[in-house]
Amino acid sequence: GGVPVFDEIIISTNNLNKIRDFDPISGTLVCDSGCILEALDSYLAERGYMVPLDLGAKGSCHIGGNVATNAGGLRLLRYGSLHGNVLGLEVVLPNGTILDNLSTLRKDNTGYDLKQLFIGSEGTLGIITGVSILTPRRPKSVNVAVFCLNSFQNVQEAFIISKGELTEILSAFEFWDIHSLRLVKNHFFQETKFPLEDKYPFYVLVETSGSNKDHNEEKLHNFMEILMEKGIVEDGVVAQDNTQLQNLWSIREGIPEAGSKSGSVYKYDLSIPVPVFYNIVEDISKRLKDAGVFGKDKLVTDVMGYGHIGDGNIHLNIVSKSYSLEITKLIEPYVYEWTEKHKGSISAEHGLGLMKAGCIGYSKSQKMINIMKQIKQSIDPNGIMNPYKYIYD
(Lines give C-alpha, C1' and ligand atoms only; values in the text may rest on other atoms or scores of the structure.)
Protein backbone atom coordinates (compact mmCIF):
# COMPACT_ATOMS: atom_id res chain seq x y z
CA GLY A 1 0.00 0.00 0.00
CA GLY A 2 2.93 2.38 0.53
CA VAL A 3 4.53 1.89 -2.89
CA PRO A 4 4.18 4.80 -5.35
CA VAL A 5 2.96 3.83 -8.79
CA PHE A 6 2.38 7.06 -10.75
CA ASP A 7 2.76 10.69 -9.65
CA GLU A 8 2.37 10.46 -5.87
CA ILE A 9 4.26 12.62 -3.38
CA ILE A 10 6.03 10.59 -0.68
CA ILE A 11 5.76 11.79 2.92
CA SER A 12 8.21 10.34 5.43
CA THR A 13 7.35 10.24 9.14
CA ASN A 14 10.88 9.25 10.23
CA ASN A 15 11.32 12.49 12.19
CA LEU A 16 8.02 12.04 14.04
CA ASN A 17 9.71 9.72 16.53
CA LYS A 18 9.08 11.15 20.00
CA ILE A 19 7.38 9.42 22.91
CA ARG A 20 5.00 12.02 24.26
CA ASP A 21 3.73 10.43 27.44
CA PHE A 22 3.44 7.16 29.33
CA ASP A 23 1.14 6.51 32.29
CA PRO A 24 2.42 3.54 34.36
CA ILE A 25 -0.89 3.34 36.24
CA SER A 26 -3.17 2.80 33.25
CA GLY A 27 -0.45 1.53 30.89
CA THR A 28 -1.34 4.06 28.19
CA LEU A 29 1.38 5.22 25.81
CA VAL A 30 1.14 8.33 23.63
CA CYS A 31 3.73 8.68 20.89
CA ASP A 32 4.47 10.04 17.43
CA SER A 33 3.49 7.86 14.49
CA GLY A 34 7.07 7.51 13.23
CA CYS A 35 8.28 5.66 16.33
CA ILE A 36 9.77 2.29 15.41
CA LEU A 37 7.84 -0.61 16.94
CA GLU A 38 10.90 -2.27 18.51
CA ALA A 39 12.06 1.06 20.01
CA LEU A 40 8.67 1.49 21.66
CA ASP A 41 8.80 -2.04 23.02
CA SER A 42 12.28 -1.47 24.45
CA TYR A 43 11.10 1.75 26.11
CA LEU A 44 8.15 -0.05 27.64
CA ALA A 45 10.26 -3.04 28.72
CA GLU A 46 12.22 -0.80 31.08
CA ARG A 47 8.92 0.05 32.73
CA GLY A 48 7.50 -3.47 32.90
CA TYR A 49 5.14 -3.12 29.92
CA MET A 50 5.07 -4.17 26.26
CA VAL A 51 3.50 -3.20 22.96
CA PRO A 52 0.50 -5.51 22.30
CA LEU A 53 1.79 -6.10 18.77
CA ASP A 54 4.75 -8.12 17.52
CA LEU A 55 5.93 -8.40 13.92
CA GLY A 56 8.92 -9.87 12.18
CA ALA A 57 9.57 -6.33 10.82
CA LYS A 58 9.51 -4.72 14.28
CA GLY A 59 13.03 -3.35 13.86
CA SER A 60 12.01 -1.07 11.00
CA CYS A 61 8.22 -0.62 10.89
CA HIS A 62 6.51 2.46 12.33
CA ILE A 63 3.63 2.34 14.79
CA GLY A 64 1.69 4.76 12.54
CA GLY A 65 2.06 2.39 9.61
CA ASN A 66 1.03 -0.51 11.83
CA VAL A 67 -2.15 1.33 12.74
CA ALA A 68 -2.84 2.52 9.17
CA THR A 69 -2.66 -1.07 7.92
CA ASN A 70 -4.19 -2.62 11.07
CA ALA A 71 -1.23 -4.98 11.35
CA GLY A 72 -2.16 -8.23 13.09
CA GLY A 73 1.13 -9.85 13.99
CA LEU A 74 2.12 -12.91 15.95
CA ARG A 75 0.29 -12.44 19.26
CA LEU A 76 -3.16 -11.20 18.27
CA LEU A 77 -4.52 -14.42 19.80
CA ARG A 78 -3.60 -13.13 23.28
CA TYR A 79 -3.68 -9.35 23.03
CA GLY A 80 -6.25 -8.67 20.33
CA SER A 81 -6.17 -6.32 17.35
CA LEU A 82 -5.25 -2.65 17.09
CA HIS A 83 -8.96 -1.89 16.74
CA GLY A 84 -9.21 -2.79 20.43
CA ASN A 85 -5.86 -1.51 21.72
CA VAL A 86 -5.67 1.92 20.07
CA LEU A 87 -7.36 4.46 22.35
CA GLY A 88 -6.91 7.56 20.24
CA LEU A 89 -5.27 9.05 17.14
CA GLU A 90 -3.99 12.37 15.89
CA VAL A 91 -4.60 12.61 12.15
CA VAL A 92 -3.96 15.28 9.52
CA LEU A 93 -6.89 15.33 7.10
CA PRO A 94 -6.59 16.09 3.36
CA ASN A 95 -7.75 19.72 3.86
CA GLY A 96 -5.10 20.36 6.53
CA THR A 97 -7.38 19.93 9.54
CA ILE A 98 -5.62 18.32 12.49
CA LEU A 99 -8.03 15.87 14.05
CA ASP A 100 -6.87 15.71 17.68
CA ASN A 101 -8.38 12.58 19.15
CA LEU A 102 -5.44 11.39 21.29
CA SER A 103 -7.70 10.17 24.06
CA THR A 104 -6.29 7.91 26.77
CA LEU A 105 -9.73 6.88 27.97
CA ARG A 106 -10.69 3.22 27.75
CA LYS A 107 -14.38 4.07 27.83
CA ASP A 108 -15.95 6.92 25.88
CA ASN A 109 -19.39 6.41 24.39
CA THR A 110 -20.00 9.90 22.97
CA GLY A 111 -20.71 9.93 19.25
CA TYR A 112 -19.12 7.85 16.51
CA ASP A 113 -15.77 6.23 17.25
CA LEU A 114 -13.94 8.11 14.50
CA LYS A 115 -10.50 6.65 15.18
CA GLN A 116 -11.73 3.29 13.88
CA LEU A 117 -12.13 4.82 10.41
CA PHE A 118 -8.37 5.40 10.20
CA ILE A 119 -7.26 2.03 11.62
CA GLY A 120 -6.72 -0.10 8.53
CA SER A 121 -7.57 2.71 6.08
CA GLU A 122 -4.08 2.50 4.51
CA GLY A 123 -3.58 6.26 4.46
CA THR A 124 -6.57 6.92 2.20
CA LEU A 125 -8.39 9.22 4.66
CA GLY A 126 -5.54 11.08 6.36
CA ILE A 127 -2.00 10.87 7.72
CA ILE A 128 -1.67 9.49 11.25
CA THR A 129 0.79 11.63 13.22
CA GLY A 130 0.13 10.49 16.79
CA VAL A 131 -1.04 7.31 18.50
CA SER A 132 -2.45 6.56 21.94
CA ILE A 133 -2.29 2.85 22.69
CA LEU A 134 -3.09 0.61 25.64
CA THR A 135 -0.09 -1.52 26.64
CA PRO A 136 -0.25 -4.72 28.74
CA ARG A 137 2.17 -5.71 31.49
CA ARG A 138 5.22 -7.56 30.23
CA PRO A 139 5.02 -11.24 31.28
CA LYS A 140 7.63 -12.44 33.78
CA SER A 141 7.74 -15.89 32.24
CA VAL A 142 7.66 -16.84 28.55
CA ASN A 143 7.89 -20.40 27.26
CA VAL A 144 8.01 -21.67 23.69
CA ALA A 145 7.61 -25.20 22.30
CA VAL A 146 7.54 -26.49 18.73
CA PHE A 147 5.75 -29.73 17.84
CA CYS A 148 5.77 -32.02 14.79
CA LEU A 149 2.44 -33.35 13.51
CA ASN A 150 1.37 -35.79 10.82
CA SER A 151 -1.87 -34.15 9.66
CA PHE A 152 -3.71 -30.87 9.65
CA GLN A 153 -6.44 -32.60 11.64
CA ASN A 154 -3.80 -33.08 14.37
CA VAL A 155 -2.99 -29.36 14.18
CA GLN A 156 -6.64 -28.51 14.84
CA GLU A 157 -6.85 -31.00 17.70
CA ALA A 158 -3.72 -29.54 19.29
CA PHE A 159 -5.19 -26.04 19.04
CA ILE A 160 -8.45 -27.07 20.70
CA ILE A 161 -6.56 -28.74 23.55
CA SER A 162 -4.24 -25.74 23.93
CA LYS A 163 -7.21 -23.44 24.54
CA GLY A 164 -8.54 -25.80 27.18
CA GLU A 165 -5.26 -26.61 28.94
CA LEU A 166 -3.27 -23.40 28.60
CA THR A 167 -6.26 -21.01 28.81
CA GLU A 168 -5.14 -17.53 29.92
CA ILE A 169 -1.39 -18.09 29.44
CA LEU A 170 -1.64 -19.07 25.74
CA SER A 171 -0.12 -16.14 23.83
CA ALA A 172 0.62 -17.58 20.38
CA PHE A 173 -0.26 -20.64 18.29
CA GLU A 174 1.54 -20.55 14.94
CA PHE A 175 1.83 -23.20 12.26
CA TRP A 176 3.86 -23.93 9.12
CA ASP A 177 4.12 -26.83 6.72
CA ILE A 178 7.16 -28.89 5.74
CA HIS A 179 7.70 -26.83 2.57
CA SER A 180 8.07 -23.67 4.66
CA LEU A 181 10.46 -25.41 7.04
CA ARG A 182 12.74 -26.71 4.31
CA LEU A 183 13.07 -23.26 2.77
CA VAL A 184 14.04 -21.78 6.15
CA LYS A 185 16.55 -24.57 6.74
CA ASN A 186 18.14 -24.08 3.34
CA HIS A 187 18.64 -20.35 3.79
CA PHE A 188 19.17 -19.79 7.50
CA PHE A 189 20.25 -22.97 9.25
CA GLN A 190 22.88 -24.51 6.99
CA GLU A 191 25.71 -23.83 9.43
CA THR A 192 23.91 -24.62 12.68
CA LYS A 193 22.27 -27.58 14.31
CA PHE A 194 18.58 -27.58 13.48
CA PRO A 195 16.35 -28.59 16.42
CA LEU A 196 13.81 -30.65 14.43
CA GLU A 197 13.79 -33.13 11.58
CA ASP A 198 12.19 -31.92 8.37
CA LYS A 199 10.17 -35.06 7.74
CA TYR A 200 6.78 -34.20 9.24
CA PRO A 201 3.98 -32.54 7.21
CA PHE A 202 3.15 -29.88 9.83
CA TYR A 203 4.71 -27.98 12.71
CA VAL A 204 3.20 -25.73 15.37
CA LEU A 205 4.80 -23.21 17.68
CA VAL A 206 3.06 -22.69 21.02
CA GLU A 207 3.98 -19.79 23.27
CA THR A 208 2.81 -19.26 26.85
CA SER A 209 3.35 -16.13 28.89
CA GLY A 210 2.38 -15.16 32.40
CA SER A 211 3.52 -14.06 35.84
CA ASN A 212 4.25 -17.43 37.50
CA LYS A 213 7.18 -19.32 35.98
CA ASP A 214 6.59 -22.64 37.78
CA HIS A 215 2.88 -22.60 37.03
CA ASN A 216 3.43 -21.82 33.35
CA GLU A 217 6.06 -24.53 32.88
CA GLU A 218 3.85 -27.10 34.61
CA LYS A 219 0.88 -26.20 32.39
CA LEU A 220 3.01 -26.45 29.25
CA HIS A 221 4.45 -29.83 30.20
CA ASN A 222 0.98 -31.16 31.05
CA PHE A 223 -0.20 -29.94 27.67
CA MET A 224 2.69 -31.74 25.96
CA GLU A 225 1.94 -34.98 27.81
CA ILE A 226 -1.71 -34.88 26.72
CA LEU A 227 -0.69 -34.37 23.09
CA MET A 228 1.77 -37.27 23.29
CA GLU A 229 -0.69 -39.60 25.03
CA LYS A 230 -3.36 -38.91 22.42
CA GLY A 231 -0.89 -39.44 19.57
CA ILE A 232 -1.51 -35.94 18.24
CA VAL A 233 2.17 -34.96 18.05
CA GLU A 234 5.11 -37.07 16.93
CA ASP A 235 8.01 -35.05 18.31
CA GLY A 236 8.75 -31.70 19.87
CA VAL A 237 11.23 -29.40 21.54
CA VAL A 238 10.91 -26.87 24.36
CA ALA A 239 13.18 -23.82 24.60
CA GLN A 240 15.47 -24.12 27.62
CA ASP A 241 16.67 -20.51 27.59
CA ASN A 242 16.07 -17.22 25.83
CA THR A 243 18.52 -18.02 23.02
CA GLN A 244 16.67 -21.23 22.17
CA LEU A 245 13.36 -19.36 22.45
CA GLN A 246 14.54 -16.80 19.90
CA ASN A 247 15.84 -19.56 17.61
CA LEU A 248 12.48 -21.31 17.58
CA TRP A 249 10.67 -18.05 16.82
CA SER A 250 13.21 -17.32 14.06
CA ILE A 251 11.95 -20.39 12.17
CA ARG A 252 8.45 -18.92 11.94
CA GLU A 253 9.61 -15.34 11.37
CA GLY A 254 12.13 -16.41 8.72
CA ILE A 255 9.63 -18.04 6.36
CA PRO A 256 8.68 -14.93 4.31
CA GLU A 257 12.32 -13.95 3.80
CA ALA A 258 13.30 -17.52 2.92
CA GLY A 259 10.64 -17.53 0.22
CA SER A 260 11.94 -14.27 -1.23
CA LYS A 261 15.48 -15.68 -1.33
CA SER A 262 14.19 -18.66 -3.31
CA GLY A 263 12.59 -16.82 -6.21
CA SER A 264 9.63 -14.64 -7.11
CA VAL A 265 6.80 -15.07 -4.60
CA TYR A 266 3.06 -14.74 -5.13
CA LYS A 267 1.78 -13.90 -1.64
CA TYR A 268 -1.79 -14.23 -0.39
CA ASP A 269 -2.90 -13.25 3.10
CA LEU A 270 -6.24 -14.93 3.73
CA SER A 271 -8.75 -15.38 6.54
CA ILE A 272 -10.29 -18.81 6.19
CA PRO A 273 -12.35 -20.93 8.64
CA VAL A 274 -9.92 -23.28 10.41
CA PRO A 275 -11.61 -26.57 9.31
CA VAL A 276 -10.68 -25.80 5.67
CA PHE A 277 -7.66 -23.67 6.56
CA TYR A 278 -5.03 -25.72 4.71
CA ASN A 279 -7.26 -26.89 1.86
CA ILE A 280 -6.43 -23.82 -0.18
CA VAL A 281 -2.74 -24.80 -0.20
CA GLU A 282 -3.56 -28.32 -1.37
CA ASP A 283 -6.03 -27.10 -4.01
CA ILE A 284 -3.63 -24.53 -5.46
CA SER A 285 -0.82 -27.12 -5.52
CA LYS A 286 -3.00 -29.57 -7.44
CA ARG A 287 -4.19 -26.86 -9.84
CA LEU A 288 -0.61 -25.86 -10.70
CA LYS A 289 0.55 -29.48 -11.02
CA ASP A 290 -2.37 -30.33 -13.31
CA ALA A 291 -1.37 -27.38 -15.49
CA GLY A 292 2.16 -28.77 -15.71
CA VAL A 293 3.89 -25.75 -14.14
CA PHE A 294 4.66 -27.03 -10.63
CA GLY A 295 7.27 -29.67 -9.86
CA LYS A 296 10.89 -30.57 -10.46
CA ASP A 297 12.44 -28.41 -13.20
CA LYS A 298 9.14 -26.50 -13.55
CA LEU A 299 8.49 -22.78 -13.23
CA VAL A 300 6.80 -23.08 -9.80
CA THR A 301 9.20 -24.56 -7.26
CA ASP A 302 7.23 -24.36 -3.98
CA VAL A 303 3.73 -23.87 -2.65
CA MET A 304 3.61 -23.38 1.11
CA GLY A 305 1.25 -22.40 3.89
CA TYR A 306 1.94 -20.89 7.30
CA GLY A 307 0.29 -18.47 9.67
CA HIS A 308 -1.84 -17.83 12.70
CA ILE A 309 -4.15 -20.73 13.51
CA GLY A 310 -5.67 -18.87 16.44
CA ASP A 311 -6.77 -16.02 14.17
CA GLY A 312 -7.84 -18.11 11.17
CA ASN A 313 -5.17 -16.32 9.11
CA ILE A 314 -3.14 -18.32 6.59
CA HIS A 315 -0.34 -17.01 4.40
CA LEU A 316 -0.32 -18.80 1.07
CA ASN A 317 3.01 -18.34 -0.72
CA ILE A 318 3.73 -19.62 -4.23
CA VAL A 319 7.42 -19.52 -5.16
CA SER A 320 8.27 -19.30 -8.84
CA LYS A 321 11.55 -18.93 -10.72
CA SER A 322 10.12 -15.72 -12.16
CA TYR A 323 6.83 -13.88 -12.38
CA SER A 324 4.68 -15.17 -15.21
CA LEU A 325 1.32 -14.13 -16.62
CA GLU A 326 0.54 -17.83 -17.11
CA ILE A 327 1.06 -18.50 -13.39
CA THR A 328 -0.91 -15.42 -12.38
CA LYS A 329 -3.91 -16.51 -14.47
CA LEU A 330 -3.83 -19.95 -12.84
CA ILE A 331 -3.85 -18.41 -9.36
CA GLU A 332 -6.16 -15.43 -9.81
CA PRO A 333 -9.06 -15.07 -9.53
CA TYR A 334 -9.21 -18.73 -8.43
CA VAL A 335 -7.74 -18.04 -4.97
CA TYR A 336 -10.20 -15.18 -4.40
CA GLU A 337 -13.19 -17.17 -5.62
CA TRP A 338 -12.16 -20.08 -3.38
CA THR A 339 -11.91 -17.74 -0.39
CA GLU A 340 -15.29 -16.14 -1.11
CA LYS A 341 -16.90 -19.57 -1.45
CA HIS A 342 -15.68 -20.49 2.05
CA LYS A 343 -16.85 -17.14 3.51
CA GLY A 344 -13.32 -15.89 4.10
CA SER A 345 -11.48 -12.61 3.54
CA ILE A 346 -9.01 -11.98 0.72
CA SER A 347 -6.88 -9.89 3.09
CA ALA A 348 -6.58 -10.82 6.73
CA GLU A 349 -4.00 -8.23 7.77
CA HIS A 350 -1.97 -6.89 4.82
CA GLY A 351 -4.68 -4.72 3.31
CA LEU A 352 -5.80 -4.00 -0.24
CA GLY A 353 -3.19 -1.59 -1.62
CA LEU A 354 -3.08 -1.43 -5.40
CA MET A 355 -3.06 -5.11 -6.35
CA LYS A 356 -6.20 -6.07 -4.43
CA ALA A 357 -8.12 -2.81 -4.77
CA GLY A 358 -10.41 -4.24 -7.43
CA CYS A 359 -10.96 -7.47 -5.52
CA ILE A 360 -12.73 -6.12 -2.44
CA GLY A 361 -16.03 -7.45 -3.83
CA TYR A 362 -14.94 -10.98 -2.95
CA SER A 363 -15.14 -10.03 0.75
CA LYS A 364 -17.58 -7.11 0.96
CA SER A 365 -21.05 -6.55 -0.48
CA GLN A 366 -21.72 -3.74 -2.94
CA LYS A 367 -23.79 -1.92 -0.32
CA MET A 368 -20.84 -1.92 2.08
CA ILE A 369 -18.46 -0.79 -0.67
CA ASN A 370 -20.81 2.10 -1.52
CA ILE A 371 -20.78 3.28 2.10
CA MET A 372 -16.96 3.15 2.11
CA LYS A 373 -16.86 5.25 -1.06
CA GLN A 374 -19.19 7.81 0.54
CA ILE A 375 -16.88 8.07 3.56
CA LYS A 376 -13.86 8.51 1.29
CA GLN A 377 -15.67 11.17 -0.76
CA SER A 378 -16.75 13.13 2.32
CA ILE A 379 -13.27 13.24 3.90
CA ASP A 380 -11.11 13.33 0.75
CA PRO A 381 -13.27 14.76 -2.05
CA ASN A 382 -10.26 15.47 -4.29
CA GLY A 383 -8.89 11.93 -3.92
CA ILE A 384 -5.36 13.05 -2.99
CA MET A 385 -4.68 10.56 -0.16
CA ASN A 386 -2.95 7.38 -1.35
CA PRO A 387 -4.61 7.65 -4.78
CA TYR A 388 -5.27 4.78 -7.20
CA LYS A 389 -5.57 2.30 -4.32
CA TYR A 390 -7.83 0.68 -1.74
CA ILE A 391 -11.33 1.28 -3.18
CA TYR A 392 -11.88 2.70 -6.63
CA ASP A 393 -14.58 2.74 -9.33
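Annotations for the structure displayed:
- Straight-distance crosslink candidates among lysines, where the alpha carbon sits under 25 Å from Lys376 and sequence neighbours closer than 8 are dropped: Lys115, Lys356, Lys364, Lys367, Lys389
- Share of Cα-Cα pairs in the chain lying beyond 30 Å, as whole percent: 45 percent
- Here the peptides 338-344, 50-56, 326-332, 316-322 are ranked by packing, the mean other Cβ count within 10 Å, and the order with the highest first is 50-56, 316-322, 338-344, 326-332.
- Hydrophobic, long helices, defined as DSSP H runs whose alpha-carbon span along the helix axis is 18 Å or greater and whose mean Kyte-Doolittle value is at least -1.0, occur in the chain at 152-165, 366-379.
- Calculated P(r) tail over 11 Å for the range 120-162, as whole % of Cα pairs: 80 percent
- Per residue, the convex hull volume that the Cα atoms of the range 97-183 enclose (Å³): 222 Å³
- Mean accessible surface per residue for the range 238-315, computed with a 1.4 Å probe while every protein chain stays in place, in Å²: 41 Å²
- Cross-link partners of Lys230 among lysines (Cα-Cα below 20 Å; sequence separation of 8 or more within a chain): Lys163, Lys219
- Taking only the Cα atoms of the range 279-347, the radius of gyration and Dmax are 12.3, 36 Å.
- Remark on the range 153-274: hydrodynamic radius 15.8 angstrom, per the Kirkwood mean of 1/r across alpha carbon pairs.
- Of Lys115, Lys373, Lys356, the residue with the greatest mean-square motion in the GNM of the chain, using alpha carbon springs below 10 Å, is Lys373.
- Each 5 Å bin from 0 upward holds the following percent of the Cα-Cα pairs of the range 1-154: 2, 8, 17, 22, 19, 12, 8, 5, 4, 2, 0, 0.
- Solvent-accessible area of the chain (1.4 angstrom probe, protein heavy atoms only): carbon and sulfur portion equals 51 percent.
- Cα gyration tensor shape for the range 222-292, rounded if a/c is under 1.5, else prolate or oblate: oblate
The values are calculated or read from the model by the stated rules, or taken from the named source; none is laboratory data. Keep in mind that this is a model prediction, so the values were computed, not measured. Don't worry about glycine lacking a Cβ; one is built from the backbone with ideal geometry, like all the others, and counts go over all protein chains shown. Quick note on the areas: whole protein, heavy atoms, side chains included, nothing else; ligands and nucleic acids left out. Shrake-Rupley method; radii C 1.70, N 1.55, O 1.52, S 1.80 Å.
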